[in-house]
1. Free of Cβ contacts under 8 Å to residues at least 60 places away in the same chain, among the basic types (Lys, Arg), under 29 Å from MET96 (Cβ atoms) and in contact with a strand residue (DSSP E or B) (Cβ under 6 Å, 6 or more places away or on another chain), is that true of LYS64?
2. Quick test of your reading of the structure: ALA68 fulfils all but one of (1) more than 20 Å from GLU5 (Cα to Cα); (2) crowded, with 17+ Cβ neighbours inside 10 Å; (3) not aromatic (Phe, Trp, Tyr). Name the failing condition by number.
3. Exactly one of these conditions fails for MET96: (1) within 20 Å of the chain's Cα centre (by Cα); (2) surrounded by 14 or more Cβ atoms within 10 Å (Cβ to Cβ). Give me its number.
4. Quick test for you: out of ARG21, ARG32, ARG7, pick the one residue that is farther than 13 Å from VAL81 by Cβ, surrounded by 12 or more Cβ atoms within 10 Å (Cβ to Cβ) and more than 21 Å from the chain's Cα centre (by Cα).
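Coordinate-derived values only; no laboratory data. All of these numbers come straight from a predicted model, not from anything done at the bench. Positions of Cβ are backbone-derived with ideal geometry, glycine not excepted, and every protein chain shown enters the neighbour counts.
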Amino acid sequence: MAKTEARIDKWLWAVRVFKTRTLAADACKKGRITMGGSPIKPSRIIKPGDVIEVRKSPITYSFKVLQAIENRVGAKLVPEVMENVTPPAQYELLEMSRISGFIDRARGTGRPTKKDRRSLEEFTMPSFEEDLDLDWEEEEEEEEER
């Protein structure tokens, strides 16, 4: 007897959208999983025919539930359990981000660029020119004149 309903976090893990159930539950809590435009909780019960949107940067995937399962299945069996109904425009977005070659990185995170490193060194290294008194010859001349 096949189940007719399942928890969303278990289903997302079972159909291999997320690697672990914890990641699926966290995505639900953060509002990245929606149904009908509204965010859903990890304990939400889904049924066959429901359409679920999963926001994974930079695109939003849409999946139609064909079977409600809670046990993980092999990758070859996933098409029997869900149908990918993501609009082609979303995949074009993904392709554009790949072509650009640069993934948005928040300034200050990750390894510093060469320019960042040089500006850091300039900021942290003492400036010897300010500390040195190079006018010592003039002072000696002034003393001799006195």
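1. yes
2. (1)
3. (2)
4. Result of the check over ARG21, ARG32, ARG7: ARG7.
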